[in-house]
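One structure is given below, encoded as structure tokens.
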Amino acid sequence: MTTSRAGQRATALAHTALTVSCSLWTSAAFASQGPGGGSGTASSFIQLTMAILVYGAAALVIGTGLIGAVRRH
């Protein structure tokens, strides 16, 4: 089965989105540790930033999947 050019682009976009979202999650996880990596709570600004990154990345991945599913039908 051959894939169309649009399908290849959608796959590439999904892989890119996944890679970017994973790198953002990693950065957010390290940011919550603060200097030295000791236990503690991140500031409210960092918590808000982390929430925006996590929920935004999840919405991007889900949206990409839904668009791909709609295009196949």
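Among the residues of the range 43-59, are any modelled with pLDDT under 75 and surrounded by 14 or more Cβ atoms within 10 Å (Cβ to Cβ)?
The answer is no; no qualifying residue exists.
State yes or no: is residue 69 exposed (fewer than 10 other Cβ atoms within 10 Å of the Cβ) and either modelled with pLDDT of 75 or more or in contact with a strand residue (DSSP E or B) (Cβ under 8 Å, 6 or more places away or on another chain) (or both)?
Criteria met by residue 69.
Among all residue pairs at least 6 apart or on different chains, which show Cβ distances below 7 Å where the first residue, located in the range 44-73, is on the phi < 0 side of the Ramachandran plot and the second is of a type outside the set (A, V, I, L, M, F, W, C)?
Short answer, once both residue conditions are applied: 46/32; 50/32; 57/21; 60/21; 61/21.
The values are calculated or read from the model by the stated rules, or taken from the named source; none is laboratory data. Bear in mind that the values here come from a model prediction, so they are computed numbers and not experimental data. Neighbour counts run over all protein chains shown; Cβ positions are idealised from the backbone, glycine included.
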